[in-house]
1. Kindly list, by first and then second residue, each pair from a residue in the range 97-116 that is without any contact (Cβ under 8 Å) to a residue 40 or more places away in the chain to a residue that is part of a loop (DSSP other than H, G, I, E, B) and surrounded by 16 or more Cβ atoms within 10 Å (Cβ to Cβ), limited to pairs with Cβ atoms under 6 Å and residues at least 6 apart or on different chains.
2. Can you pull out the residues in the range 41-61 that are outside any helix (DSSP H, G or I), surrounded by fewer than 15 Cβ atoms within 10 Å (Cβ to Cβ) and not hydroxyl-bearing (Ser, Thr, Tyr)?
3. Mind checking which residues of the range 221-236 are in contact (Cβ under 8 Å) with a residue 40 or more places away in the chain and not in a strand (DSSP E or B)?
4. Taking the range 116-131 only, how many residues are in a loop (DSSP other than H, G, I, E, B) and surrounded by 13 or more Cβ atoms within 10 Å (Cβ to Cβ)?
5. Condition (residue is surrounded by 14 or more Cβ atoms within 10 Å (Cβ to Cβ), β-branched (Val, Ile, Thr) and part of a loop (DSSP other than H, G, I, E, B)) applied to the range 149-165: is it met by at least one residue?
6. So, in the range 71-82, how many residues would count as being surrounded by fewer than 22 Cβ atoms within 10 Å (Cβ to Cβ) and within 17 Å of residue 238 (Cβ to Cβ)?
7. Taking the range 195-219, which residues are in contact (Cβ under 8 Å) with a residue 12 or more places away in the chain and part of a loop (DSSP other than H, G, I, E, B)?
8. If a residue has to be within 18 Å of residue 6 (Cα to Cα) and part of a loop (DSSP other than H, G, I, E, B) to count, how many in the range 83-108 make the cut?
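The values are calculated or read from the model by the stated rules, or taken from the named source; none is laboratory data. Treat the numbers as computed from the prediction; the structure is a model and nothing was measured. Positions of Cβ are generated from backbone atoms using ideal geometry, with glycine treated the same way; all protein chains shown enter the neighbour counts.
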Amino acid sequence: MTALEERIIQYALEHEPQEICGFVVFDGKENQFIPCDNQADDKDNNFEISDDDYIRAQKCGQIVAVVHSHPEPNGEPVLSTADRQMQVQTGLDWWLVHNKSGTIRKFRNIPHLLGRTFEHGVMDCYTLYRDAYMLAGLNMDEFERSDDWWRQGKNLYLDNIEGQGFVRVEKPQLGDVILMQVAADVPNHAAIYIGDQMVLHHSPKRLSKRDLYSGYWFKHTHSIWRHKNADELNFNGILNDLAVDVI
């Protein structure tokens, strides 16, 4: 943990039970924490940064991230639905102080999980799966992938999924990855099980969406995978994003 992160955590703990807020700003030499007054009416459960504080932070340098905290007793270590809505609007990374564990979770700025336009290797089924797990608390590796890699003797998912900490299981539970094999000799599509017989996935030429896990997708299932630390991840981070009205 860096000295900057330690200062941010200490600041959050000193202001319990209220949520703190501020910015991480790069001043040309190093990142600095610029604390802001929380302008929300309910400071124990929300935060709001004034326009004046935003302008003040911009004058200090390049804004790197928005910072806020989730105090005890109910604060989860993931972004809430309101947090995700605001993060996408800001276009910035968000750093979340989880007071109970004394840690900072860093969430890179990503589009909402639903309604994404498909672009292979940039915004595809692996991107969706990787981004969803980031929201749940796991940062996975990125892999370069050419279009039609499954027709070029490559096996992207099976070659890498165990190295990312996943183990094969028989029946899906919330957060599990379902690999599917569609017109290929190897699994070439991934979905995330989100409960109630539903999956989240992103197919070519379609927007990312929820789908019923039955019929076509069930028939093309190759295998089901669960992260070895699934009990330590918080899949509410995924569900919170799915609850945002993106229309």
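1. Every condition considered, the pairs that remain are 98/77; 105/77; 107/79; 109/92.
2. 41, 42, 44 - these are the residues of the range 41-61 that are outside any helix (DSSP H, G or I), surrounded by fewer than 15 Cβ atoms within 10 Å (Cβ to Cβ) and not hydroxyl-bearing (Ser, Thr, Tyr).
3. The answer is 228, 229, 230, 232, 233, 234, 235, 236.
4. Total meeting the criteria: 5.
5. Yes.
6. 5
7. Result: 197, 202, 203, 204, 205, 206, 207, 208, 213, 214.
8. Applying the first criterion (within 18 Å of residue 6 (Cα to Cα)) to the range 83-108 yields 94-107.
Checking the rest, the ones that are also part of a loop (DSSP other than H, G, I, E, B) come to 99-102.
Summing the residues that are within 18 Å of residue 6 (Cα to Cα) and part of a loop (DSSP other than H, G, I, E, B) in the range 83-108 gives 4.
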